[in-house]
Amino acid sequence: MTRLLLRAGGDLLIVMQLALLLSLSLGRVQAAESPMLAYLGRFRGTTHIYLLTYLLDVSRQQSVRLSEPSPMDGHFLAPVWSPDGRFLVYGDWLHNLPLMAVLDLHTSQIHVLDDYSSLNPVWRQTGTAQLVYASPSAKALQAFDPLTKETIRLMDYPLDSRTESQMIWSQSRNELLMVSRQSGNQEIYRLNPEDSTMLNLTNHPGEDFQPAWSPDGQWVAFTSDRNRRNYEIYVVDRNGENMRNITRSISEDWNPVWSPDGVTLAFVGSIYGNYQIYSFDMERRLTRNLTQTNHSELSPAWSPDGKHIAFVSNRDGWRQIYLMDADGKNQRPLVTGAAEYFAPVWRPISPPALVAD
């Protein structure tokens, strides 16, 4: 893919080739009524970021490659959308060096942040979208505003930066979840960057990871082996209380993902190596196997309206991206080809409202 490098006020921008600009311009026109999907694709040893538009209209679908080939697949950052759906951050490469790229769908420009960290970046919505990331050079959590191109220091590393593995932001409360091995095992901490307060939510010798905020910011779902038998899905409130195991099965369960209305959790369960996607109804406390195949079904991702789930399946030999209704019906291929496609992420429709304590 041909890319032109520009300097704008001291910032490095990447302007993509004309065909891509036109594709993204068309995507902006239809963005309000047709969602987009960002995902990873791996072909012949290299990984790329792709953007799929018109994903619910097969006759008009367009898939656009955004990134340069990655020579270090294990350090490739998966795509993350801003809550307002305008910006997409992902891992990219320039002159064989890793960086974070921020795509603005309104201008079709990409801003490069070379202060690279293997810790995943997250977005917060405070009037405008800001990218929060761990800066190795500043030894701090920093926030980048893609509109003003300004970077501010939020707080010093709250934990040992060598032990942190994951960050999750609550858009409804502007609070941060962070997974760390600072105590020797993986624990989940809640942080408030405004006053630097920190609370260990899990506080157990077991391994606690893969946290997911509920849409209202009241609950955290996560994966844990605290029963010492297998991995299960647990939920706990934002104060570290009212802990409960919601799966209680013999399977290995992980990767919980909340539906947009906060009523249902999708997760991956494995019995004797058969990976399937399940749903758990938080109100009726019912578990359903949504995929019901003899293949590996992974990485559930809810559509913004809660009507569909994108997921990764190897039912046709390659890892490909599929789509199904929220109840498991109408399973069909979405992104296919002679390559591996995975890590689907839907573009949000609009940012959630902040919730007061």
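The values are calculated or read from the model by the stated rules, or taken from the named source; none is laboratory data. Bear in mind the structure is a predicted one, so any value in this text is a computation, not a measurement. Using ideal geometry, Cβ is built from the backbone for each residue, glycine included, and neighbour counts are taken over all protein chains shown.
At pLDDT 80 or above and more than 19 Å from Phe311 (Cα to Cα), is that true of Gly85? Against the criterion (at pLDDT 80 or above and more than 19 Å from Phe311 (Cα to Cα)), Gly85 qualifies.
Checking each residue in segment 222-268 for being closer than 25 Å to Arg124 by Cβ and under 15 Å from the mean Cα position of the chain (by Cα) picks out Phe222, Asn255, Pro256, Val257, Trp258, Ser259, Pro260, Ala266. Given Ile349, Ile271, which one is more than 20 Å from the chain's Cα centre (by Cα), surrounded by fewer than 21 Cβ atoms within 10 Å (Cβ to Cβ) and among the β-branched types (Val, Ile, Thr)? Selected residue: Ile271, the only one of Ile349, Ile271 that is more than 20 Å from the chain's Cα centre (by Cα), surrounded by fewer than 21 Cβ atoms within 10 Å (Cβ to Cβ) and among the β-branched types (Val, Ile, Thr).
For the structure I just gave you, tell me whether Leu334 is in a strand (DSSP E or B), of a type outside the set (D, E, K, R), within 28 Å of Trp123 (Cα to Cα) and modelled with pLDDT under 95. When the stated conditions are applied, Leu334 passes them. Whether a residue is more than 19 Å from Trp213 (Cβ to Cβ), β-branched (Val, Ile, Thr) and part of a strand (DSSP E or B) was assessed, and Val312 passes this test.
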